[in-house]
Every structure is written in structure tokens, then in C-alpha cells.
Amino acid sequence: MMRYPAELVDPLRRSYEGQPVCVTGGAGFIGGHLVDGLLALGAHVTVIDDLSNSTLSHLAELIETEPDRLRFVHGSILEDEAIDEAVHGASVVFHLAALGSVPRSIDDPQRTWAVNATGTMRVLEAARRAGTKRVVFASSSSAYGETERLPKVESMAPMTLSPYAASKVAGEQLMRAWAHSYSMRTASLRYFNVFGPRQPAGSAYAAVVPNFSSAVFAGNRPVIHGDGEQTRDFTYVACAVLATLQAGGIDTPLRGEVMNVGTGERVSVRELARLIAEAHERPDLVPEHQAPRPGDVRHSLADISRARELLGYRPIVSLADGLRQTVSWFRQQQEQSKRADQ
Ligand SMILES: NC(=O)c1ccc[n+]([C@@H]2O[C@H](COP(=O)([O-])OP(=O)(O)OC[C@H]3O[C@@H](n4cnc5c(N)ncnc54)[C@H](O)[C@@H]3O)[C@@H](O)[C@H]2O)c1
């Protein structure tokens, strides 16, 4: 697990030591890091994942080292039996299972809705059946769409530009409704462009950091959709995990609050491409531009005051450090797989 400052870790350890928790989507990119964090804090973790967008490789390693504290349920959050088995006995459910990616949701809106919206309701219902009082939901900055002002503050009305964003706003509303109707403690975290080691590259739906990184590593120019002047608040995965752990651990009764989880700083996609090319020591690989993608927002920047006030959250890794760690992991991975192929 990434090392967090002691003053942040101590209260988390008190919340999670010996606690049974459930992570939906725990085989995925952010979920895998969250599981690392929970195990390091002494929790007993059950993961449910249908492996539709991930593999078991990271969890399999963890299960080998922690067979008594990590359990894997291979199934969908849409199946009552599987979700009941996963949530049973959990004191907190971290609900991360979803179909990510705006372009994927435009290609397949029905499946996106089924997993992200209906699936969230099913997770809440499973939590209610199991008597679990706390549910933390992975929402998304895409809920804001285009806003007139930056940074984006939770008091702004959502303006969804894609089926993905709409499904996440629906999930937030469910979190709030279940908190009020069934006395559950719920929170929705709007993650802003999370990146870091183990984020998958190589598919049409991959996120921008692994996309650029794999292109540059292969000696190709990264492809930017649009002019590259669009901006994003890139959040290193350890920061997103910190806020998630804090939201699941605090005593303040949360009732469906929505909170931004970002860094409060932004960078253009063109500048990101330059930083990644530099980190790979290939500054010559300047980006090429293609048509903008539908559903993409122009600017994204988080106001993180609410998460700071309610959770004590603060970003703990800068973009530069996060990119260094990500690129170094990526190169190691690629070199290992090259050696394995030889
Ligand atoms: N990565 C980001 O920048 C970002 C930003 C905002 C919000 N989020 C949200 O955070 C969460 C985690 O994102 P991620 O980047 O780790 O994505 P990911 O795709 O790596 O993880 C999602 C996991 O959910 C699993 N899953 C999908 N459908 C399922 C189903 N029906 N039943 C059980 N498991 C299922 C997938 O197999 C995958 O392992 C998602 O809810 C995503 O929408 C991510």
C-alpha cells in the first residue's frame, strides 16, 4: 500500500482493523488499490466482481498472501445470490462495480444503465437485507457536464452529457434516497480522472493516462481527441483511495452527501501528453489530433472543500509524482511482458 501520513492512517486503522467490508468491482483498477489499502489497515475484505472489465491477477496475488482476510465472489451485482453472498456480514460496502468510460456508454447505453443505475439499487438493497449501514458509492465528475464556472462545486446542478454521467447521477440519487428512507449512511464520491499503476491500456475505452503511456512506450505519437486544450483534474489513485477509506470510516452520519474527490488543480490534455512523453524520455513524440469525442466535457476542476471539511481529505500525491510512479510501473510491466514473450 502506498504510504499515507501517520496522522491520516491512525484513524483509518481504528475504523477498519478486524472489520468485515465488501468491495464491489474490487478486481478493477481503483477497487484493487482500495483492497490493498483495506488489507493494510487490517480489514477482512470480500470482493465481488464479474471480471467483465478486469482480470483476477492482482487479487490472486493478494489471496495467496492473505487467504484468511480476502475472499472473492465471482459474480455480478445484478445477481441477487452473488451480491447477497458478498455483502453478508459487511459493516461497510464500497460500491465501485460499474461500466466505466463515456464512449462505452454512448455505444451501449442500456447495459451502462443496467449495471450502473439498476446495479447500484441492487447493491443498496443487498446492503439493506444484510443490515449493512454504510455504503460508499464511486460516482464521477462527469455528473457536472459543462459548467459556466470553475472549479466545480457540489452545489452546482448536475448536467449530464452522456449515458455514463446520467447513470452515475442516478446512483447518487439512490444513495441519498436509501439514506433517508432506510436510515443508512451513504456517500457518493465524484472521482475526477483517476490514474495510476494497473490502470488498463489498450482498449478503445481506456483512460487517457494509460492510453498516452502505451502509445509513447510503443514509439507512437499519442492521439488527442480535439485540440488538446481541454483540461482535467488528474487524481492519483492513492488520493482517491484515501477519500474512499475516509468516507467509509468516519463517524459523522452521512446521508447521501456528494463529494468531489480531486486535487483542485488542472492541466490540459496537451500538457499531459507532453509530461508523459517526457517521463518516457521521448519528448519527440508530439501528439496527433483527431476529432473530438461526443460526451466529453471541455474543462474539469474540483473544488475539494467539502471532502476536506467532511472527511479530512487532502490530496497527498502531486500530478508529477503520480505520473512518475505510473510511468515507472508501466515500463516495468511492459519490459516484463516483453521478456516473457522472448
Ligand atoms: N477511473 C476513473 O477515472 C474514474 C472516474 C470517476 C469514477 N470512476 C468510477 O470508479 C469505479 C471504479 O473505476 P475503475 O477505473 O477502477 O474501473 P474498472 O473498470 O477498472 O473497475 C470496475 C470493476 O467493476 C467490474 N464490474 C463491471 N460490471 C460488473 C457487474 N455487473 N458486477 C460485478 N462487477 C462488475 C469490472 O469487472 C471491474 O473490475 C467505477 O464505478 C467508475 O465508474 C472511475
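Summary table below
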quantity	calculated
Selection count, region 70-104, where residues are more than 14 Å from residue 22 (Cα to Cα), away from the ligand (no atom under 12 Å from the Cβ) and of a type in the set (A, V, I, L, M)	0
Of all residues in region 211-231 being surrounded by fewer than 24 Cβ atoms within 10 Å (Cβ to Cβ) and either of a type in the set (Ser, Thr, Tyr) or touching a Lys or Arg at 6+ places or on another chain (Cβ under 6 Å) (or both), the one that is farthest from residue 294 (Cα to Cα)	214
Total residues in region 99-139, condition under 27 Å from residue 225 (Cβ atoms) and in contact with a Lys or Arg (Cβ under 8 Å, 6 or more places away or on another chain)	6
Residues of region 198-222 satisfying the condition of being farther than 18 Å from residue 104 by Cα and away from the ligand (no atom under 12 Å from the Cβ)	212, 213, 214, 215, 216, 217, 218, 219, 220, 221, 222
Matching residues in region 132-159 - criterion: being under 23 Å from residue 29 (Cβ atoms) and not basic (Lys, Arg)	135, 136, 137, 138, 139, 140, 141, 142, 143, 144
Of all residues making up region 244-257, the number that are surrounded by fewer than 21 Cβ atoms within 10 Å (Cβ to Cβ) and under 14 Å from residue 190 (Cα atoms)	1
So residue 26, is it within 11 Å of the ligand (Cβ to nearest atom) and of a type outside the set (Ser, Thr, Tyr)	yes
Check on residue 203, part of a loop (DSSP other than H, G, I, E, B) and of a type outside the set (D, E, K, R)	yes
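To keep it simple, each residue is scored yes or no on (1) in a helix (DSSP H, G or I); (2) of a type in the set (Asp, Glu); (3) in contact with a Pro (Cβ under 8 Å, 6 or more places away or on another chain); (4) surrounded by 19 or more Cβ atoms within 10 Å (Cβ to Cβ).
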{"residue": "27", "(1), (2), (3), (4)": "no, no, no, yes"}
{"residue": "30", "(1), (2), (3), (4)": "yes, no, no, yes"}
{"residue": "51", "(1), (2), (3), (4)": "no, no, no, no"}
{"residue": "64", "(1), (2), (3), (4)": "yes, yes, no, no"}
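Coordinate-derived values only; no laboratory data. Since this is a predicted model, take the numbers as computed values, not measurements. Please note: Cβ atoms are built from the backbone with ideal geometry, for glycine as well, and neighbour counts cover all protein chains shown.
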